[in-house]
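Working notes, beginning with the structure itself.
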Amino acid sequence: MFRRALLASSRAASSSSRIIAQTPSVRSQFSPAPLSPLRAALPSRTRWYSDKADTTAKKEGEEAAPKSETKKPEDAAESPSNGEAELKKKLEAKEREAIDWKDKYLRSVADFRNLQDRTQREVKAARDFAIQRFAKDLVESIDNLDRALTMGQEKMETKEGKEVNADLNNFYEGVKMTEISMLQALSKHGLDRFNPHGEKFNPNEHEATFMTPMPDKEENTVFHVQQKGYKLNGRVLRAAKVGVVKNQ
């Protein structure tokens, strides 16, 4: 079977070759002509291209380059100057802005410190003079004790040969001790009493109720204290009522 197939294929190939050989070679006008064997045998030609045009272009480029290079230094000199001027302007603007912000900062710090100092003073004043109204009311009671001591002292002055009343003396000592203890307690809270007898008249601390000439005393001197004065933490709570010497 294999041999038969080979014989059949060989026969078909030989018959087709004969048919092709018998058919005339018809070439249309558009079909290309077959190459001759001589032309096919010749080696393929190679074309060589010169680089003259490129060298000339390169020379022209090189000639143009120096011209452009000659212009570049001027442009480079101008551009840095413009850049430096802009940088200087920006730097000056930033310096002015920094000075402005520094001034604002210093002002805000100064305002804050002034606020702190003012607040501290106000707090201290509120703490020191919180008992001002209470002290004014309490001063009247201390004045009554002082008046009682003054009257008791006058009563205790006896004539020669008479004994001092023991009960009156004990009463006087008790009132005096009460006044002393009360003044000590008030002094712990900043309330102090002052007696300006014999001092120079001070209008900030003294209130002159009357004036009288006294040749044996110095001018403008306190010679009589009608009512003692009081100070609360260094501030005059109540001025002392006094009599002042006025010789002229």
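The values are calculated or read from the model by the stated rules, or taken from the named source; none is laboratory data. Quick caveat, the model's predicted, so the values are computed rather than measured. Cβ placement follows ideal geometry from the backbone for every residue including glycine, while neighbour counts extend to all protein chains displayed. Side chains are part of the model used for accessible areas, which takes the heavy atoms of the whole protein and leaves out ligands, DNA and RNA. Shrake-Rupley method; radii C 1.70, N 1.55, O 1.52, S 1.80 Å.
Worth a mention:
- Meets criteria (surrounded by 16 or more Cβ atoms within 10 Å (Cβ to Cβ), part of a loop (DSSP other than H, G, I, E, B) and touching a residue at least 24 places away in the same chain (Cβ under 8 Å)) for P215: no
- Within region 197-212, being open to solvent by 50 Å² or more (accessible area, probe 1.4 Å) and either under 16 Å from A135 (Cα atoms) or outside any loop (DSSP other than H, G, I, E, B) (or both) holds for K200, E207, T209, F210, M211.
- Some residue of region 223-233 being part of a strand (DSSP E or B) and over 25 Å from A148 (Cβ atoms): no
Okay, residues lined up against (1) surrounded by 14 or more Cβ atoms within 10 Å (Cβ to Cβ); (2) at pLDDT 90 or above:
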site: A135; (1), (2): yes, no
site: G161; (1), (2): no, no
site: K176; (1), (2): yes, yes
site: D192; (1), (2): yes, yes
site: G229; (1), (2): yes, yes
site: Q248; (1), (2): no, no
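- Region 161-196: number of residues that are in contact (Cβ under 8 Å) with a residue 40 or more places away in the chain and not in a strand (DSSP E or B): 7
- Any pair with Cβ under 8 angstrom, 6 or more apart, that starts in region 112-135 at a residue that is farther than 14 Å from G234 by Cβ and ends at one that is open to solvent by 70 Å² or more (accessible area, probe 1.4 Å) and of a type outside the set (G, A, S): I131/H189
- Top-ranked residue of region 163-174 - restricted to ones that are acidic (D, E) and modelled with pLDDT under 85, ranked as surrounded by the fewest Cβ atoms within 10 Å (Cβ to Cβ): E163
- Odd one out for A185, checked against (1) among the hydrophobic types (A, V, I, L, M, F, W, C); (2) open to solvent by 40 Å² or more (accessible area, probe 1.4 Å); (3) in contact with a strand residue (DSSP E or B) (Cβ under 6 Å, 6 or more places away or on another chain): (3)
Every residue, every condition in (1) of a type in the set (V, I, T); (2) under 27 Å from K124 (Cβ atoms), yes or no:
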position: T150; (1), (2): yes, no
position: V164; (1), (2): yes, no
position: M177; (1), (2): no, no
position: M182; (1), (2): no, yes
position: F201; (1), (2): no, no
position: F210; (1), (2): no, no
